[in-house]
Amino acid sequence: MTDEPLIALGYLRTDLSGAEEQWHSKRLRVLATRWGYEMPLIVTHSDRTLRRTANLLDIVRRMNAVALFVPTVEHLPETAVRALLAELDGVTTLYPEQTYDGYPALPIEGPPIGL
């Protein structure tokens, strides 16, 4: 009997990462691997992506992800915070390296939830 790998997804906003997008992607994968996760996908959106929250939640559910890694909290769709923390064991940021596993501990202002 083999153990199923723990799936984590990366998420970043290309408009926020800018020239650092490849570096952020690499660091997200390294951090997830170091913490024992398999990261099959890094979801990328921009400020022009429609329905970011719904899209991200759909991917989290389809991939059976248990964790999400982001460069900073600013990359997260503000309206997704509660929903993400309800779906996942935690959200981990690179800068600062910190894991959030409950709301309202994640320091993001905005509406509580919305798709």
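Bear in mind that the values in this text are calculations on the coordinates, not laboratory data. Fair warning: this is a prediction, and the values are worked out from it, not measured in the lab. All Cβ positions, even for glycine, are placed from backbone atoms using ideal geometry, and neighbour counts span all protein chains on display.
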Filtered residue count, the range 25-82, keeping only those that are surrounded by 19 or more Cβ atoms within 10 Å (Cβ to Cβ) and charged (D, E, K, R): 1
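In the range 29-70, what residues are touching an Asp or Glu at 6+ places or on another chain (Cβ under 6 Å) and hydrophobic (A, V, I, L, M, F, W, C)? First the steps, then the outcome.
Applying the first criterion (touching an Asp or Glu at 6+ places or on another chain (Cβ under 6 Å)) to the range 29-70 yields 46-47, 60, 66-67.
Hits for the range 29-70 are Val60, Val66, Ala67.
If a residue must be under 10 Å from the mean Cα position of the chain (by Cα) and farther than 18 Å from Arg27 by Cβ, how many such residues does the range 67-79 contain?
1
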